[in-house]
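Novice: Have a look at the structure that comes next, please.
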Amino acid sequence: MTRPNPIHPNRCLHGAATAIAALTLLLAVDPDSLEAQRPYPPEMEGTTSEVYRTVGDVELKMYLCNPEGHTADDERPAIVFFFGGGWRAGSPQQFLPHCRYLAERGMVAAVADYRVASRHGVTADECVKDAKSAVRWLRSNADRLGIDPNRVAAGGGSAGGHLAAATATLPGHDPDPEGPSAAPNALVLFNPATVLAPVDGDPLPTEEERERFDALTKRFGAPPESMSPYHHLRENLPPTIMFHGTADETVPHSTAERFCLGLREYRARCDFVSYHDQDHGFFNFGRGEGEEKNKWYEDTVSRMDGFLYSLEWLEPKPNPDGTPGERLTWRESLSRALGNQRLPAAVQEIKEQLEAEARAAAASEDTTGGEEDDAPPESGQADPDGAR
């Protein structure tokens, strides 16, 4: 059975594709824009829509899913998703299942429509402007929308993952730089395009790769480095979770790994979940056949839940009998998951270490009144089950 594999911070980038070689793959048609032929204008049943930006005669809409009983007096965490499609096509409908799930878990979840080449004749730098406007709009309207302006996340897949990452990393490409911050407080990225310019030390590209790179540069509408999240990593970036398939031929797995390790070098949290033999767009709702249908959608959504729970943006999942769940620290959650079963020696050693740390912390509290640091490890992987 194919299983997702966590990637650890000390893993080397053996055999990583060069940045330009990786870029050439984005010239192919993005599968996210074709899968299931999602309609446009999108069919967004159960959402409310508002215009978040007007550019000329184009009104860009935000489609919002609100939790049951939500009011303007609430201060809920929020997330805005950006669809994939190579900055050329795609539909907000792609992330509607994710929004419905998170609304049921208590978040205000939204998908932003944005301009793309096939419908509006724009280059990718204009897509970045729309994405920054979308995050800024949510934060600016926090009081009216009943959200917490300090808990606004951005998410997306493929080119949409690039836009989400761009809102956190890229300077410039901002239609209102003097306005409220367009930077999100967390990132949820699905096979995102994050390395979009040559990287020092990589092998020189072939002539064919250079020609394709020139074509992609025209699609950007701006210097590649100014559009590349990896090239603008720095301190104080938001906690991030990334999902990527090792068989992705559109956005190579190695580029996502490079981006995540770069975040960790700046001491930002990055949880990277790698899916063996999965290709581009594997996470989408509706993928798979028979018993395998939606398998990876459900897995990635569960891990997304665990990540957001670890940030204390979500309440514990209810118990099987419907009673409220108990909020656990990451240490408590792992210890309970391990339980008293017979374990491999390495796992048993971890369990014993956790128990010893818990005893030491309890003793410290008794004598000094100090509190245990319950923050998750910077390079830890999100608990896939949230809390129980």
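The values are calculated or read from the model by the stated rules, or taken from the named source; none is laboratory data. Model, not experiment: these values are computed from the prediction. Virtual Cβ from ideal backbone geometry, glycine too; neighbours counted across all protein chains shown.
Novice: How about region 249-267: which of its residues are under 18 Å from V199 (Cα atoms), charged (D, E, K, R) and either out of contact with any strand residue (DSSP E or B) (no Cβ under 6 Å at 6 or more places or on another chain) or not assigned by TED's automatic domain parsing to the domain that holds P229 (or both)? Talk me through it step by step, then tell me what you get.
Specialist: So in region 249-267, the residues under 18 Å from V199 (Cα atoms) come out as 251-266.
Filter once more, keeping what is charged (D, E, K, R): 257-258, 264-265.
Passing the criteria: E257, R258, E265.
Novice: Condition (residue is closer than 15 Å to A109 by Cα and assigned to a strand (DSSP E or B)) applied to region 177-187: is it met by at least one residue?
Specialist: Initial filter on region 177-187 (closer than 15 Å to A109 by Cα): 184-187.
Subsequent filtering for residues that are assigned to a strand (DSSP E or B) retains 186-187.
Yes, region 177-187 has at least one match.
Novice: Only residues that are part of a helix (DSSP H, G or I) and of a type in the set (G, A, S): list them for region 133-167, please.
Specialist: Just the residues of region 133-167 that are part of a helix (DSSP H, G or I), to begin with: 133-140, 142-145, 159-167.
Of everything in region 133-167, those that are part of a helix (DSSP H, G or I) and of a type in the set (G, A, S) turn out to be S133, A134, S140, A142, A159, G160, G161, A164, A165, A166.
Novice: Taking region 286-313, which residues are buried (at least 21 other Cβ atoms within 10 Å of the Cβ) and not in a helix (DSSP H, G or I)?
Specialist: The answer is W313, and nothing else.
Novice: Applying the selection to region 171-193, what residues are in contact with a Ser or Thr (Cβ under 6 Å, 6 or more places away or on another chain) and buried (at least 24 other Cβ atoms within 10 Å of the Cβ)?
Specialist: Result: A182, P184, L187, N191.
Novice: What are the residues in region 207-222 that are farther than 24 Å from V116 by Cα, free of Cβ contacts under 8 Å to residues at least 12 places away in the same chain and either in contact with a Phe, Trp or Tyr (Cβ under 8 Å, 6 or more places away or on another chain) or surrounded by 12 or more Cβ atoms within 10 Å (Cβ to Cβ) (or both), if any?
Specialist: Residues satisfying the conditions do not exist here.
Novice: Something else: Yes or no: region 239-248 includes at least one residue that is assigned by TED's automatic domain parsing to the domain that holds W296, of a type in the set (F, W, Y) and not in a helix (DSSP H, G or I). I'd like the intermediate steps shown before the answer.
Specialist: Step one: filter region 239-248 for residues assigned by TED's automatic domain parsing to the domain that holds W296, giving 239-248.
So of that shortlist, the ones also of a type in the set (F, W, Y) come out as 243.
With the extra rule that they be not in a helix (DSSP H, G or I), the set shrinks to 243.
Within region 239-248, one or more residues are assigned by TED's automatic domain parsing to the domain that holds W296, of a type in the set (F, W, Y) and not in a helix (DSSP H, G or I).
Novice: Still on this structure, I have one more. Output the residue which, of all residues in region 275-285 that are surrounded by 16 or more Cβ atoms within 10 Å (Cβ to Cβ) and touching a Gly at 6+ places or on another chain (Cβ under 8 Å), is farthest from L328 (Cα to Cα). Walk me through how you get there before you give the answer.
Specialist: Filtering region 275-285 down to residues surrounded by 16 or more Cβ atoms within 10 Å (Cβ to Cβ) leaves 275, 278, 280-285.
Keeping just the survivors that are touching a Gly at 6+ places or on another chain (Cβ under 8 Å) gives 275, 278, 280-284.
Values: Y275: 27, Q278: 32, H280: 34, G281: 32, F282: 31, F283: 27, N284: 29 Å.
The qualifying residue farthest from L328 (Cα to Cα) is H280.
Novice: Could you check how many residues of region 171-191 are of a type outside the set (A, V, I, L, M, F, W, C), out of contact with any strand residue (DSSP E or B) (no Cβ under 7 Å at 6 or more places or on another chain) and under 20 Å from W87 (Cα atoms)? Give the derivation first.
Specialist: Narrowing region 171-191 to residues of a type outside the set (A, V, I, L, M, F, W, C): 171-181, 184-185, 191.
Okay, now just the ones that are also out of contact with any strand residue (DSSP E or B) (no Cβ under 7 Å at 6 or more places or on another chain), so 171-181.
Checking which are under 20 Å from W87 (Cα atoms) leaves us with 171-175.
The qualifying residues number 5.
Novice: Still on this structure: Looking only at residues that are touching a Phe, Trp or Tyr at 6+ places or on another chain (Cβ under 7 Å) and either among the hydroxyl-bearing types (S, T, Y) or farther than 22 Å from C127 by Cβ (or both) in region 78-106, which one is surrounded by the most Cβ atoms within 10 Å (Cβ to Cβ)?
Specialist: The residue in question is S91.
Novice: Moving on to the next point. Return a yes/no flag: does region 62-75 have any residue that is part of a strand (DSSP E or B) and farther than 18 Å from N284 by Cβ. Even if it seems obvious, please write down each step before you answer.
Specialist: First, the residues of region 62-75 that are part of a strand (DSSP E or B): 62-65.
When the remaining residues are screened for being farther than 18 Å from N284 by Cβ, the result is 62, 64.
Yes; the residues of region 62-75 include at least one that is part of a strand (DSSP E or B) and farther than 18 Å from N284 by Cβ.
Novice: Could you check V111 against (1) assigned to a loop (DSSP other than H, G, I, E, B); (2) touching a Leu at 6+ places or on another chain (Cβ under 7 Å); (3) of a type in the set (V, I, T) and say which number it fails?
Specialist: Condition not satisfied by V111: (1).
Novice: Among the candidates R267, R234, R210, single out the residue that is outside any helix (DSSP H, G or I) and out of contact with any Ser or Thr (no Cβ under 9 Å at 6 or more places or on another chain). Please lay out each step first, then the result.
Specialist: On the way: R234 fails: out of contact with any Ser or Thr (no Cβ under 9 Å at 6 or more places or on another chain); R210 fails: outside any helix (DSSP H, G or I).
Answer to the check: R267.
Novice: Follow-up. Looking for something more than 30 Å from W313 (Cβ to Cβ) and either touching a strand residue (DSSP E or B) at 6+ places or on another chain (Cβ under 7 Å) or at pLDDT 95 or above (or both) - is there at least one such residue anywhere in region 223-235?
Specialist: Our first condition is that a residue be more than 30 Å from W313 (Cβ to Cβ); within region 223-235, this holds for 223-226.
Next, from what is left, pick out any that are either touching a strand residue (DSSP E or B) at 6+ places or on another chain (Cβ under 7 Å) or at pLDDT 95 or above (or both): 226.
The answer is yes, given that some residue of region 223-235 is more than 30 Å from W313 (Cβ to Cβ) and either touching a strand residue (DSSP E or B) at 6+ places or on another chain (Cβ under 7 Å) or at pLDDT 95 or above (or both).
Novice: Give the residue that is farthest from L96 (Cα to Cα), with candidates limited to residues of region 270-285 that are acidic (D, E) and assigned to a loop (DSSP other than H, G, I, E, B). Before you say what the answer is, go through the steps one by one.
Specialist: Kept after step one, since they are acidic (D, E), are these residues of region 270-285: 271, 277, 279.
This time we only want the ones that are assigned to a loop (DSSP other than H, G, I, E, B), so: 277, 279.
Working: D277: 26, D279: 21 Å.
The extreme case among them is D277.
Novice: Residue by residue through region 303-320, note down the ones that are more than 16 Å from D148 (Cα to Cα) and of a type in the set (D, E, K, R).
Specialist: Passing the criteria: R303, D305, K317.
Novice: Is it the case that some residue within region 98-110 is under 20 Å from K218 (Cα atoms) and at pLDDT 95 or above? Lay out the reasoning, then the answer.
Specialist: We begin by selecting, within region 98-110, every residue under 20 Å from K218 (Cα atoms); these are none.
So far as region 98-110 goes, no, none of its residues is under 20 Å from K218 (Cα atoms) and at pLDDT 95 or above.
Novice: List pairs: first in region 255-281 and under 14 Å from I241 (Cα atoms), second in a loop (DSSP other than H, G, I, E, B) and among the aromatic types (F, W, Y), Cβ under 9 Å, 6+ apart or cross-chain?
Specialist: So the pair list comes out as Y275/F282; Y275/F283.
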